[in-house]
Amino acid sequence: MPDVPTVAQTPATSTPFKPVKRPRLEEEPEDDPVELDTIPFIDCEDADPLWNLNTSDILEASIDDDDDDIDEENTGSLSDSKLFAVEKGQLVLLFNRCHQCGLLGASAVITSTEGCQVRIEQSCLGCESKWIWKGQSLVGGYPAGNLALSTAILSAGALPGKTLRVLKFWGMQAISPATFFTHQRRFLHQAVRNVWNEEQERVLGAMQTTAILSGDARCDSMGHCAKYGSYSLHDTIHNKIICTELVQSNEVKSSNAMELHGLKKALSVIEEAKPDAQIVLTTDGHKSVAKWLREEKADKVKHHLDIWHVSKGLWKKLSGLAKKFPLVAKWMKGIRRHLYWCAQSSNGDPELMVAKWKSVANHIANIHVHEDKRFPECCHGKIYREWFDPGR
Ligand SMILES: [Zn+2]
Ligand SMILES: [Zn+2]
């Protein structure tokens with residue numbers, strides 16, 4: 001019997017093999033396997049920053065002319081209060097008892113609204129006092145609830161126009177789209193940048209001397225005519241995107257070259273933060289990326305191909321073949337599972353992986369012993385399938 005794998009079966013066995021994670025296909029022999037267990041796990045629950053609007057930052061920002069009635073003392077936090085929908089009539093009812101002397105029959109008028117902020121003025125004939133009440137605390141002069149609404153729209157990835165229209169149809173007082181964009185421009189984008197930078201610094205700081213990363217580009221349209229693209233590197237150990245670099249197609253010769261350019265930009269960020277880091281990088285099969293990594297970065301980056309992309313390419317070829325030879329269609333799933341199994345069960349040994357992979361040509365013809373000594377025999381027991389006839 002050959003070196004029997006313990007985690008998976010060949011596709012021909014009765015138990016279907018389902019790949020749990022994407023194993024990596026070796027591009028080059030792995031002579032120094034990385035000890036995943038030695039890399040400390042960062043508890044994402046604790047580590048994720050809760051975004052709290054920094055009051056002092058906002059106070060420094062310039063303030064709209066229409067925010068003249070700023071009550072600097074009445075500053076609050078966005079995160080510690082709940083909001084309720086209250087009818088106008090029900091709200092005003094609360095103000096018929098004087099805030100000062102407690103006499104019933106005080107008059108209350110809604111004097112102004114600003115977004116979902118409401119201002120009520122209570123007057124008492126008994127003690128002749130006036131009291132101004134506001135529905136929301138202020139953060140840096142801005143009603144906290146208004147800012148929270150803009151924040152919620154942005155962080156939920158919702159369309160501001162549509163979301164605010166929903167509130168309008170509901171009868172809820174809300175900010176205008178223009179106010180949303182003002183909030184976004186003045187505070188929210190900077191807040192997102194701050195959180196991103198802090199988090200990136202933290203994750204890069206926690207990175208060990210060997211980083212296990214995967215990278216891929218995404219573009220604004222399919223094909224080779226994208227104007228913008230982004231390249232992201234994912235830290236597989238901590239399950240975090242550690243770097244996203246934007247690329248515009250005119251930065252490179254053609255939009256097709258954006259993939260490599262994006263990777264170069266993203267890797268330079270890692271190298272700047274961790275000059276001594278060794279990187280294990282998984283990417284799709286972009287030829288220019290593989291060539292550059294092989295020729296320029298061989299000493300620093302160990303390159304792997306993502307099996308999902310390999311299997312996708314294989315599936316496409318088999319689909320074409322199945323149109324001519326219907327029996328291929330019956331074997332397609334099995335062959336794909338075999339590909340995953342080869343990568344997963346070979347413990348990073350590329351030669352063993354290739355030997356296992358080549359055995360599939362014999363296997364589908366009902367031949368289960370193979371010439372290659374590294375994988376001389378299939379691992380399955382007796383099976384019955386519709387076999388290919390190698391003589392035909
Ligand atoms: Zn009174
Ligand atoms: Zn076999």
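Would you mind calculating the gained length between PHE181 and LYS162 on full extension (0.36 nm times residue separation, minus the Cα-Cα distance), in nm to one decimal?
5.5 nm
Would you mind estimating how fast segment 315-392 diffuses translationally, via Stokes-Einstein at 4 °C and 1.567 mPa s with the Kirkwood radius over Cα pairs, in µm²/s?
Working: Rh = 13.3 Å.
Rounded to a whole number, D works out at 97 µm²/s.
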Restricting to lysines and to Cα separations under 29 Å from LYS162, and discarding same-chain partners fewer than 8 apart, the set is LYS82, LYS88, LYS134, LYS227
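Where the only charges are on Cβ atoms (+1 Lys, Arg; -1 Asp, Glu), what is the dipole of segment 136-282 about its Cα centre, to the nearest 20 debye?
In debye, rounded to 20, segment 136-282 gives about 740.
Once the Cβ-Cβ distance between ARG202 and GLU351 is put in as r, and R0 is 45 Å, what FRET efficiency do you end up with, to the nearest 0.05?
0.65
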Straight-line reach check, LYS291, cutoff 16 Å on alpha carbons, 8 or more apart in-chain or any other chain, hits among lysines -> LYS264, LYS300, LYS302
For GLU371, placing the label point 7 angstrom along Cα-to-beta-carbon and taking segment 333-353, residues whose amide nitrogen sits under 19 Å are 351-353
FRET efficiency for LYS312 and LYS287 from the Cβ-Cβ distance with R0 = 22 Å, rounded to 0.05, comes out at 0.90
Distance in nm between TRP131 and ILE383 label points, each 7 Å along Cα→Cβ, equals 8.1
Expressed in Å to one decimal, the Kirkwood Rh of segment 109-217 from all distinct alpha-carbon pairs is 17.2
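Which shape class applies to segment 79-145: rounded if a/c is under 1.5, otherwise prolate when a/b exceeds b/c and oblate if not, where a ≥ b ≥ c are the square roots of the Cα gyration tensor eigenvalues?
On the way: a/c = 2.29, a/b = 1.87, b/c = 1.22.
Prolate shape, in that a/c is at least 1.5 and a/b is the bigger ratio.
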For LYS317, the lysines lying under 22 Å Cα to Cα, once residues fewer than eight places off in the same chain are dropped, come out as LYS18, LYS287, LYS330, LYS333, LYS356, LYS358
Relative to the compact-globule estimate 2.2 N^0.38 Å (N residues), the Cα gyration radius of segment 217-321 stands at a ratio of 1.13
With label points set 7 Å from each Cα along the Cα-to-Cβ direction at GLN278 and THR209, the distance between them in nm comes to 0.8
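How much net charge surrounds TRP131 when only other residues with a Cβ under 13 Å from its Cβ are counted (Lys, Arg +1; Asp, Glu -1)? Please report the intermediate quantities before stating the final value.
Numbers: positive: ARG97, ARG119, LYS130, LYS134; negative: GLU121, GLU128.
Around TRP131, the charge tally is +2.
None of the figures in this text is laboratory data; all of them are computed from the coordinates on show. Since the structure is predicted, the reported quantities are computational estimates derived from the model, not experimental observations. Don't worry about glycine lacking a Cβ; one is built from the backbone with ideal geometry, like all the others, and counts go over all protein chains shown.
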